[in-house]
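> Supplied in structure tokens, the structure appears directly below.
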Amino acid sequence: MKKWNLTSALTVLMGLSAVAATGLAATTQPVAAADKTLRIAVPFGPKSSAPDPRARQNGWLSNRAGVSETLIGLGHDMTMQPRLAETFQNVSPTEWRLVLRSDVKFHDGTPMTAEDVKASFEKLDIEGHPGHNPRLSRLLGIESITVEGDNALLFKTRKPNSAFLWSLTEPSAAVMKEGTEELPLIGTGPFVFVSAETDKSYETRKFADYWGGEPKLDRIVMDALSDPSVAKLALQAGDVDLVTNYPEPDFAALKEAGDGQLFSNPTTRLFFFQVRTADGPLANKALRQAVSLGLDRDTIVAASLSGVGGEKANSIFPASMASWANKNLTLDYDPVKAEALLDEAGIKDTNGDGNRELDGEEITLKLRSYEGRAALRPTLEITQALLQQIGINAEIAMGEYDANNEALKAGEIDMHLQAWGTAPQGDPDYFPSTLAESGVSYNFSGYANPELDALLAKGRENFDDEVRKSHYDRVQEIINEDLPLIPVFHKTQVSVGNGKVEGYAIHPAETYLVTPDLDLVD
């Protein structure tokens, strides 16, 4: 069985945790004049005043903010790296031994033990607990956790799960201690949680006893500014020091002029439509295929990303994920073929008004997206225009992310344009298993395909990467054919600083931001 002993690679990852969002409203606690405080504009804020990193998607914010940490991390090359676990070993198809670092302290000053780690993971399955996370619990598939001394644990899974260690890198797999009134969130990262304001702000202070070394910054404030143009103005006004998701047209202009402190890096983030396939007009496979063929992805990329923000998608994974992307796939723009498909399926314009009909009714697809990422709105608008060219009318609107998902699940809308990291764990299982497998919590399409389900199960059960690749290649083929998810483009993140930010680098998984070395210098 494989064994990882990656202590020598520790510096690649040291302290990779990242910041969540804080609005421009005044912070809840006074900041001393001498404090070195970095303010960062991010697209999304916390979902509560004390968002437990283990629940929902809270861990992404907390991990980026430097508050919470996972047992295993991802380096910038997307390989597994030691974090709170010093070594990790697959000892049988269903057993995994992890040896913990011995120098880790929680933010309340107590040492982290194997019992603490076990207790933290057990909360994932307790309904009503702030850390309850049935989605992550399903991905991990833990049957039991056995403590072996103060610093080692044996995880046993219910069945073979080759993605288990990768799933431990997900930000929701954070190791947390039970909170108190003084410290509602007790993690192990380089920064201690101070306060959060729902959808607006997230504030932290440095943890001097951090195992990776004392941070250079005293405080970090994350401002949730969902409109990138507002974030840009905040940077220009000196209200923030760094904008993590800068508007692409403005970034392109700065790049051409040679101005500004610019950061850019390809990520695994995919902009895609999740499609309601269980009912409604897009239950018709030919219509879904025509929609995809009608998307001029090159034009969308050029118009929405200004040549600096990404590349067209040919499958759910970018070509940069060389180990897992099926490079034989393409998603072509072919409006002539789209119209032929529609004609063959009997989806025609019978009255000459330019709009096609399905089952005697004129088609009007309801498309939704949300604020927070600059490219979503123009992509939605361009999609509407492109679909009209093949005779498909589309009604578009911007809404709230969770409300859009609920509307898609209820069949009230037909397509939801969104942006996800397809491999935040570095493994190909996460994205299709979370969105396309039958019956999973984020499968708002209502999509079900027994072959895809079987392939995903085989991919998790097999430990030979070459065999796994063949399974996930076929998964990508099925998704491109059935299109419960319609990929549009893969994103390059662009960020801009005020010229004083030091130690910042964009991680391809976008799950890390704050490190002990992050600094603000004159």
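> Specify which of the listed residues (Ser470, Ser441) is open to solvent by 50 Å² or more (accessible area, probe 1.4 Å) and in contact with a helix residue (DSSP H, G or I) (Cβ under 7 Å, 6 or more places away or on another chain).
Details: Ser470 fails: in contact with a helix residue (DSSP H, G or I) (Cβ under 7 Å, 6 or more places away or on another chain).
Answer to the selection: Ser441.
> Could you tell me whether any residue of region 295-305 is in a strand (DSSP E or B), touching a helix residue (DSSP H, G or I) at 6+ places or on another chain (Cβ under 7 Å) and not aromatic (Phe, Trp, Tyr)?
no
> Given the conditions (1) buried (at least 20 other Cβ atoms within 10 Å of the Cβ); (2) in contact with a strand residue (DSSP E or B) (Cβ under 6 Å, 6 or more places away or on another chain); (3) part of a loop (DSSP other than H, G, I, E, B); (4) modelled with pLDDT of 95 or more, report the number of the one that Tyr504 does not fulfil.
Of (1) buried (at least 20 other Cβ atoms within 10 Å of the Cβ); (2) in contact with a strand residue (DSSP E or B) (Cβ under 6 Å, 6 or more places away or on another chain); (3) part of a loop (DSSP other than H, G, I, E, B); (4) modelled with pLDDT of 95 or more, only one is false for Tyr504: (2).
> Still on this structure, I have one more. I'm checking my understanding of the structure. Among residues of region 253-268 that are closer than 29 Å to Met321 by Cβ and either of a type in the set (Asp, Glu) or touching a Lys or Arg at 6+ places or on another chain (Cβ under 7 Å) (or both), which one is most open to solvent (accessible area, probe 1.4 Å)?
Leu262
> Between a first residue in region 452-475 that is of a type in the set (D, E, K, R) and a second residue that is in a helix (DSSP H, G or I), which pairs have beta carbons less than 6 Å apart while being 6 or more apart in sequence or on different chains?
Between residues of region 452-475 that are of a type in the set (D, E, K, R) and residues that are in a helix (DSSP H, G or I), the close pairs are Lys458/His471; Arg468/Gly459; Arg474/Leu455.
> A follow-up question, please. Given (1) farther than 21 Å from Ile220 by Cβ; (2) not in a loop (DSSP other than H, G, I, E, B), identify the lone condition not met by Ala55.
(2)
> Output the number of the condition that Lys47 fails; it satisfies all remaining conditions of (1) open to solvent by less than 40 Å² (accessible area, probe 1.4 Å); (2) in a loop (DSSP other than H, G, I, E, B).
So the condition that Lys47 fails would be (1).
> Which of the residues that make up region 103-145 are in contact with a strand residue (DSSP E or B) (Cβ under 7 Å, 6 or more places away or on another chain), open to solvent by 30 Å² or more (accessible area, probe 1.4 Å) and part of a helix (DSSP H, G or I)?
Glu115, Asp116, Lys118
> Please work out which residue is farthest from Glu406 (Cα to Cα), limiting yourself to region 343-369 and to residues that are under 36 Å from the mean Cα position of the chain (by Cα) and open to solvent by 50 Å² or more (accessible area, probe 1.4 Å).
Filtering first and then ranking leaves Thr364.
> Among (1) of a type outside the set (S, T, N, Q); (2) surrounded by fewer than 24 Cβ atoms within 10 Å (Cβ to Cβ); (3) in contact with an Asp or Glu (Cβ under 7 Å, 6 or more places away or on another chain), which single condition is Arg83 missing?
Every listed condition holds for Arg83 apart from (2).
> For Pro378, only one of the following conditions fails: (1) in contact with a helix residue (DSSP H, G or I) (Cβ under 7 Å, 6 or more places away or on another chain); (2) surrounded by fewer than 21 Cβ atoms within 10 Å (Cβ to Cβ); (3) assigned to a strand (DSSP E or B); (4) not polar (S, T, N, Q). What is its number?
(3)
> Could you check region 288-309 and list, in sequence order, the residues that are over 23 Å from the mean Cα position of the chain (by Cα), open to solvent by 20 Å² or more (accessible area, probe 1.4 Å) and in contact (Cβ under 8 Å) with a residue 40 or more places away in the chain?
Gln289, Leu293, Asp296, Thr299, Ala303
> Inspect region 89-102 for any residue being free of Cβ contacts under 8 Å to residues at least 60 places away in the same chain and part of a helix (DSSP H, G or I) and give the result as yes or no.
no
> Cβ-Cβ distance below 6 Å, separation of 6 or more or different chains: which pairs start in region 378-407 with a residue that is without any contact (Cβ under 8 Å) to a residue 40 or more places away in the chain and end on one that is part of a helix (DSSP H, G or I) and surrounded by fewer than 19 Cβ atoms within 10 Å (Cβ to Cβ)?
Close Cβ pairs satisfying both conditions: Ala394/Gln384; Ile396/Gln384.
> Then there is this: I'm checking my understanding of the structure. Among residues of region 146-165 that are more than 26 Å from the chain's Cα centre (by Cα) and of a type in the set (Gly, Ala, Ser), which one is most open to solvent (accessible area, probe 1.4 Å)?
Gly149
> Report whether or not Lys500 is basic (Lys, Arg), out of contact with any Phe, Trp or Tyr (no Cβ under 9 Å at 6 or more places or on another chain) and under 29 Å from Pro228 (Cα atoms).
Answer is yes for this residue.
> Residue check: is Ser201 of a type in the set (Ser, Thr, Tyr) and surrounded by fewer than 23 Cβ atoms within 10 Å (Cβ to Cβ)?
Details: of a type in the set (Ser, Thr, Tyr): yes; surrounded by fewer than 23 Cβ atoms within 10 Å (Cβ to Cβ): no.
The answer is no for Ser201.
> Shifting gears a bit: Please verify whether Ser68 is within 30 Å of Lys206 (Cα to Cα), touching a helix residue (DSSP H, G or I) at 6+ places or on another chain (Cβ under 6 Å) and surrounded by 22 or more Cβ atoms within 10 Å (Cβ to Cβ), treating the condition exactly as stated. Steps first, please.
On the way: within 30 Å of Lys206 (Cα to Cα): yes; touching a helix residue (DSSP H, G or I) at 6+ places or on another chain (Cβ under 6 Å): yes; surrounded by 22 or more Cβ atoms within 10 Å (Cβ to Cβ): yes.
Here the answer is yes, as Ser68 does meet what is asked.
> Still on this structure, I have one more. Quick test of your reading of the structure: Ser162 fulfils all but one of (1) in contact (Cβ under 8 Å) with a residue 60 or more places away in the chain; (2) in contact with a strand residue (DSSP E or B) (Cβ under 8 Å, 6 or more places away or on another chain). Name the failing condition by number.
The single condition Ser162 does not satisfy is (2).
The values are calculated or read from the model by the stated rules, or taken from the named source; none is laboratory data. Please read these numbers as outputs of a predicted model, since none were measured by experiment. Don't worry about glycine lacking a Cβ; one is built from the backbone with ideal geometry, like all the others, and counts go over all protein chains shown. Protein only, heavy atoms only, side chains kept; ligands, DNA and RNA dropped before computing areas. Shrake-Rupley method; radii C 1.70, N 1.55, O 1.52, S 1.80 Å.
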